[in-house]
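Everything on this sheet refers to the single structure shown next.
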Amino acid sequence: MAAPVLVVVAHGSRDPRHAATVHALVERVRSLRPGLRVETGFLDFNVPSVPAVLESLAADGVRDVVALPLLLTRAFHAKADIPAVLRAAPARLRIRQAEVLGPSPLLLSALERRLYEAGLTPADKSSTGVVLASAGSTDPEAGAVIADIAREWWRTGWCAVRPAFASASLPRTEDAVRELRALGCERVAVAPYVLAPGFLPDRIARGAAGADVLADVLGPAPEVARLLLRRYAEANRPALTALGA
(Lines give C-alpha, C1' and ligand atoms only; values in the text may rest on other atoms or scores of the structure.)
Protein backbone atom coordinates (compact mmCIF):
# COMPACT_ATOMS: atom_id res chain seq x y z
CA MET A 1 0.00 0.00 0.00
CA ALA A 2 1.28 3.46 -0.93
CA ALA A 3 2.50 5.66 1.88
CA PRO A 4 0.27 8.64 2.68
CA VAL A 5 1.10 11.78 0.74
CA LEU A 6 2.80 14.46 2.83
CA VAL A 7 1.19 17.86 2.35
CA VAL A 8 3.27 20.64 3.87
CA VAL A 9 0.92 23.44 4.92
CA ALA A 10 2.71 26.80 4.87
CA HIS A 11 1.33 30.16 5.97
CA GLY A 12 2.21 32.11 2.84
CA SER A 13 3.41 35.69 2.44
CA ARG A 14 3.44 38.58 -0.02
CA ASP A 15 7.23 38.47 0.32
CA PRO A 16 8.53 36.22 -2.48
CA ARG A 17 11.42 35.07 -0.27
CA HIS A 18 8.92 33.23 1.92
CA ALA A 19 7.62 30.85 -0.76
CA ALA A 20 11.12 30.36 -2.18
CA THR A 21 12.39 29.28 1.25
CA VAL A 22 9.44 26.94 1.81
CA HIS A 23 10.05 25.30 -1.56
CA ALA A 24 13.76 24.91 -0.77
CA LEU A 25 12.89 23.18 2.50
CA VAL A 26 10.42 20.85 0.77
CA GLU A 27 13.02 19.97 -1.86
CA ARG A 28 15.41 18.99 0.94
CA VAL A 29 12.68 16.79 2.44
CA ARG A 30 12.19 15.12 -0.95
CA SER A 31 15.93 14.50 -1.22
CA LEU A 32 15.86 12.69 2.13
CA ARG A 33 12.87 10.49 1.13
CA PRO A 34 12.96 10.11 -2.66
CA GLY A 35 10.04 7.65 -2.71
CA LEU A 36 7.68 9.86 -0.74
CA ARG A 37 5.24 12.15 -2.51
CA VAL A 38 5.49 15.60 -0.93
CA GLU A 39 3.25 18.51 -1.90
CA THR A 40 3.12 22.11 -0.68
CA GLY A 41 0.01 24.18 -0.07
CA PHE A 42 -0.36 27.72 1.28
CA LEU A 43 -3.02 29.15 3.56
CA ASP A 44 -2.80 32.63 2.06
CA PHE A 45 -1.04 34.86 -0.49
CA ASN A 46 0.71 32.08 -2.47
CA VAL A 47 -0.35 29.28 -4.77
CA PRO A 48 -1.20 26.50 -4.79
CA SER A 49 -3.68 26.90 -1.95
CA VAL A 50 -4.19 24.02 0.46
CA PRO A 51 -7.74 23.33 -0.89
CA ALA A 52 -6.39 23.24 -4.46
CA VAL A 53 -3.69 20.73 -3.47
CA LEU A 54 -6.21 18.50 -1.71
CA GLU A 55 -8.63 18.63 -4.67
CA SER A 56 -5.80 17.68 -7.00
CA LEU A 57 -4.76 14.74 -4.81
CA ALA A 58 -8.33 13.47 -4.67
CA ALA A 59 -8.57 13.73 -8.46
CA ASP A 60 -5.37 11.67 -8.71
CA GLY A 61 -6.97 8.88 -6.68
CA VAL A 62 -5.00 9.51 -3.50
CA ARG A 63 -6.72 8.27 -0.35
CA ASP A 64 -4.35 8.96 2.56
CA VAL A 65 -2.77 12.29 3.41
CA VAL A 66 -0.70 13.63 6.29
CA ALA A 67 -1.10 17.41 6.53
CA LEU A 68 1.89 18.91 8.29
CA PRO A 69 1.65 22.50 9.56
CA LEU A 70 4.86 24.35 8.78
CA LEU A 71 4.63 26.10 12.13
CA LEU A 72 6.96 26.30 15.10
CA THR A 73 4.31 26.74 17.79
CA ARG A 74 0.79 25.46 18.29
CA ALA A 75 -1.21 28.67 18.01
CA PHE A 76 -4.29 29.88 16.09
CA HIS A 77 -3.32 28.55 12.67
CA ALA A 78 -2.67 25.04 13.99
CA LYS A 79 -5.71 25.02 16.27
CA ALA A 80 -8.31 26.67 14.03
CA ASP A 81 -7.33 27.66 10.47
CA ILE A 82 -5.74 24.42 9.34
CA PRO A 83 -8.37 22.07 10.88
CA ALA A 84 -11.09 24.14 9.18
CA VAL A 85 -9.40 23.83 5.79
CA LEU A 86 -8.89 20.10 6.24
CA ARG A 87 -12.53 19.54 7.24
CA ALA A 88 -13.56 21.05 3.90
CA ALA A 89 -11.37 18.63 1.91
CA PRO A 90 -12.86 16.10 -0.52
CA ALA A 91 -14.62 13.32 1.36
CA ARG A 92 -12.58 10.56 -0.29
CA LEU A 93 -9.40 11.77 1.43
CA ARG A 94 -8.39 10.39 4.83
CA ILE A 95 -6.35 13.19 6.38
CA ARG A 96 -4.29 13.20 9.54
CA GLN A 97 -2.99 16.51 10.82
CA ALA A 98 0.57 16.18 12.10
CA GLU A 99 1.88 18.08 15.08
CA VAL A 100 3.61 21.42 14.61
CA LEU A 101 7.39 21.33 14.42
CA GLY A 102 8.26 22.80 17.79
CA PRO A 103 9.51 22.34 20.32
CA SER A 104 12.24 19.88 19.36
CA PRO A 105 15.94 19.35 20.03
CA LEU A 106 16.38 19.37 16.25
CA LEU A 107 15.25 22.99 16.17
CA LEU A 108 17.80 23.91 18.82
CA SER A 109 20.45 22.23 16.68
CA ALA A 110 19.25 24.22 13.66
CA LEU A 111 19.38 27.48 15.66
CA GLU A 112 22.95 26.77 16.69
CA ARG A 113 23.85 25.86 13.09
CA ARG A 114 22.64 29.29 11.96
CA LEU A 115 24.56 31.07 14.74
CA TYR A 116 27.78 29.25 13.83
CA GLU A 117 27.23 30.04 10.15
CA ALA A 118 26.92 33.70 11.19
CA GLY A 119 30.36 33.64 12.77
CA LEU A 120 30.11 32.22 16.30
CA THR A 121 31.91 29.07 17.43
CA PRO A 122 31.10 26.56 20.19
CA ALA A 123 33.89 28.19 22.22
CA ASP A 124 31.86 31.43 22.25
CA LYS A 125 28.84 29.97 24.01
CA SER A 126 29.72 30.76 27.60
CA SER A 127 30.40 34.44 26.82
CA THR A 128 27.53 35.04 24.40
CA GLY A 129 23.99 36.07 25.24
CA VAL A 130 21.36 34.97 22.74
CA VAL A 131 18.02 36.52 21.87
CA LEU A 132 15.57 33.80 20.81
CA ALA A 133 13.45 35.99 18.53
CA SER A 134 10.10 34.58 17.44
CA ALA A 135 7.28 36.05 15.39
CA GLY A 136 4.97 36.26 18.41
CA SER A 137 1.40 35.17 19.01
CA THR A 138 -1.64 36.23 21.01
CA ASP A 139 -1.96 32.59 22.12
CA PRO A 140 -0.51 32.32 25.65
CA GLU A 141 0.44 28.68 25.05
CA ALA A 142 2.73 29.72 22.19
CA GLY A 143 4.43 32.39 24.29
CA ALA A 144 4.98 29.98 27.16
CA VAL A 145 6.58 27.47 24.80
CA ILE A 146 9.07 30.09 23.55
CA ALA A 147 10.01 30.94 27.14
CA ASP A 148 10.51 27.24 27.91
CA ILE A 149 12.73 26.82 24.84
CA ALA A 150 14.85 29.79 25.90
CA ARG A 151 15.39 28.25 29.36
CA GLU A 152 16.24 24.87 27.87
CA TRP A 153 18.69 26.39 25.41
CA TRP A 154 20.41 28.42 28.15
CA ARG A 155 21.11 25.17 30.02
CA THR A 156 23.27 24.00 27.09
CA GLY A 157 25.95 26.54 28.01
CA TRP A 158 25.10 30.00 26.65
CA CYS A 159 25.84 33.02 28.87
CA ALA A 160 22.10 33.81 28.80
CA VAL A 161 19.12 33.28 26.50
CA ARG A 162 16.20 35.68 26.40
CA PRO A 163 12.97 35.28 24.41
CA ALA A 164 11.71 38.15 22.27
CA PHE A 165 8.74 38.67 19.98
CA ALA A 166 8.22 40.61 16.76
CA SER A 167 4.50 41.05 17.43
CA ALA A 168 1.69 40.47 19.94
CA SER A 169 3.95 40.06 22.99
CA LEU A 170 6.89 41.73 24.70
CA PRO A 171 9.82 42.12 24.91
CA ARG A 172 10.88 43.14 21.42
CA THR A 173 14.22 42.02 20.00
CA GLU A 174 15.93 45.35 20.69
CA ASP A 175 14.79 45.26 24.34
CA ALA A 176 16.23 41.78 24.82
CA VAL A 177 19.50 42.85 23.19
CA ARG A 178 19.78 45.74 25.68
CA GLU A 179 18.99 43.41 28.59
CA LEU A 180 21.78 41.03 27.60
CA ARG A 181 24.20 43.94 27.28
CA ALA A 182 23.22 45.05 30.78
CA LEU A 183 23.85 41.53 32.08
CA GLY A 184 27.44 41.84 30.96
CA CYS A 185 27.51 39.25 28.20
CA GLU A 186 30.68 39.70 26.14
CA ARG A 187 28.73 39.54 22.91
CA VAL A 188 25.05 39.40 21.94
CA ALA A 189 23.58 37.28 19.15
CA VAL A 190 20.06 37.22 17.73
CA ALA A 191 18.70 33.87 16.61
CA PRO A 192 15.43 34.21 14.63
CA TYR A 193 13.10 31.38 15.60
CA VAL A 194 11.29 31.66 12.30
CA LEU A 195 11.20 29.41 9.25
CA ALA A 196 11.21 31.85 6.35
CA PRO A 197 11.83 35.51 5.55
CA GLY A 198 9.00 38.02 5.59
CA PHE A 199 7.57 41.06 7.36
CA LEU A 200 8.07 39.87 10.96
CA PRO A 201 11.54 38.38 10.38
CA ASP A 202 12.54 41.74 8.87
CA ARG A 203 11.30 43.41 12.07
CA ILE A 204 13.48 41.01 14.06
CA ALA A 205 16.46 41.95 11.90
CA ARG A 206 15.88 45.66 12.52
CA GLY A 207 15.67 44.98 16.25
CA ALA A 208 19.01 43.19 16.07
CA ALA A 209 20.85 46.34 14.98
CA GLY A 210 22.53 46.60 18.40
CA ALA A 211 23.65 42.96 18.46
CA ASP A 212 27.03 41.60 17.39
CA VAL A 213 25.62 38.66 15.43
CA LEU A 214 22.38 38.11 13.53
CA ALA A 215 21.70 34.56 12.40
CA ASP A 216 19.67 33.63 9.33
CA VAL A 217 16.16 32.19 9.51
CA LEU A 218 15.92 28.43 9.98
CA GLY A 219 14.81 27.85 6.39
CA PRO A 220 15.93 24.62 4.73
CA ALA A 221 18.35 23.63 7.49
CA PRO A 222 18.96 19.85 7.42
CA GLU A 223 17.64 19.51 10.95
CA VAL A 224 14.34 21.13 9.96
CA ALA A 225 13.93 18.77 7.00
CA ARG A 226 14.58 15.79 9.25
CA LEU A 227 12.04 17.12 11.73
CA LEU A 228 9.36 17.33 9.03
CA LEU A 229 9.90 13.66 8.26
CA ARG A 230 9.81 12.81 11.98
CA ARG A 231 6.44 14.58 12.41
CA TYR A 232 5.17 12.81 9.29
CA ALA A 233 6.20 9.43 10.72
CA GLU A 234 4.57 10.21 14.06
CA ALA A 235 1.28 11.15 12.39
CA ASN A 236 1.43 8.14 10.11
CA ARG A 237 2.11 5.59 12.85
CA PRO A 238 -1.55 4.94 13.77
CA ALA A 239 -2.28 4.13 10.13
CA LEU A 240 0.61 1.67 9.98
CA THR A 241 -0.51 0.04 13.24
CA ALA A 242 -4.03 -0.37 11.94
CA LEU A 243 -2.64 -2.09 8.87
CA GLY A 244 -0.62 -4.48 11.05
CA ALA A 245 2.73 -2.88 10.27
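Any chance you could give the angle, 0 to 90 degrees and rounded to 10, that helix 50-59 forms with the longest Cα principal axis of the chain?
30
Taking all protein chains in place and a 1.4 Å probe, what share, in percent, of the accessible surface of the chain do carbon and sulfur account for? If you can, show how the numbers build up before the last one.
Numbers: 6020 of 11090 Å².
Carbon with sulfur: 54 percent of the solvent-accessible area.
So if we plug the beta-carbon distance of residue 118 and residue 229 into 1/(1 + (r/R0)^6) with R0 = 25 Å, what FRET efficiency do we get, rounded to 0.05?
Working: r = 26 Å, r/R0 = 1.04.
Efficiency, from the Cβ-Cβ distance: 0.45.
Find, to one decimal place in angstroms, the Kirkwood hydrodynamic radius of the stretch 196-239, where the mean of 1/r is taken over every pair of different Cα atoms and then inverted. Working shown, then result.
Details: mean 1/r = 0.0781 Å⁻¹.
Averaging 1/r across every pair of different Cα atoms and inverting gives 12.8 Å.
Taking every alpha carbon pair in the stretch 84-138, what does the distance histogram look like in 10 angstrom bins from 0, in percent?
Answer for the stretch 84-138: a P(r) of 16, 32, 21, 17, 11, 3 percent.
Taking a quarter of the surface of the convex hull around the Cα atoms of the stretch 4-149, what do you get in nm²? Could you put the intermediate results ahead of the total?
Numbers: hull surface 40.3 nm².
Mean projected area of the Cα convex hull: 10.1 nm².
Would you list the P(r) distribution for the stretch 172-223, with all Cα-Cα distances sorted into 5 Å bins from 0 and each bin expressed as a whole %?
5, 22, 29, 20, 13, 9, 2
Add -39500 (n - 2.57) for each DSSP H run of 4 or more in the chain, then divide by its residues: what number comes out at 222 nm, to the nearest 500 deg cm²/dmol? Write down the numbers at each step before the final one.
On the way: 8 runs with 102 residues, N = 245.
Counting only the DSSP helices, I get -13000 deg cm²/dmol.
Below 8 Å, C-alpha to C-alpha, sequence gap of six or more: please give me the relative contact order for the chain in percent. Working shown, then result.
Numbers: 461 pairs, mean separation 55.6, N = 245.
Normalised by residue count, the contact order of the chain is 23 percent.
For the pair residue 127 and residue 14, how long in nm is the line joining their label points, each one 7 Å along Cα→Cβ?
It works out to 4.4 nm between the two label points.
Considering the Cα trace of the stretch 7-55, what is its radius of gyration and what is Dmax, both in angstroms?
10.8, 32
Send over a whole-number figure in Å² for the accessible area per residue of the chain, probe 1.4 Å. Mind dumping the intermediate values first?
Values: 11090 Å² over 245 residues.
Dividing the accessible area of the chain by its residue count gives 45 Å².
By how many degrees, 0 to 90 and rounded to 10, does the Cα axis of helix 222-242 deviate from the longest principal axis of the chain?
Orientation of helix 222-242: about 40 degrees from the principal axis.
Using 7 Å Cα-to-Cβ label points, what is the residue 60/residue 80 separation (nm, one decimal)?
Result for the modelled spin labels: 3.2 nm.
The values are calculated or read from the model by the stated rules, or taken from the named source; none is laboratory data. Since the model is a prediction, treat every value here as computed from it, not as a measurement. Using ideal geometry, Cβ is built from the backbone for each residue, glycine included, and neighbour counts are taken over all protein chains shown. Please note that ligands, DNA and RNA were not included when accessible areas were found on the heavy atoms of the full protein model with its side chains. Shrake-Rupley method; radii C 1.70, N 1.55, O 1.52, S 1.80 Å.
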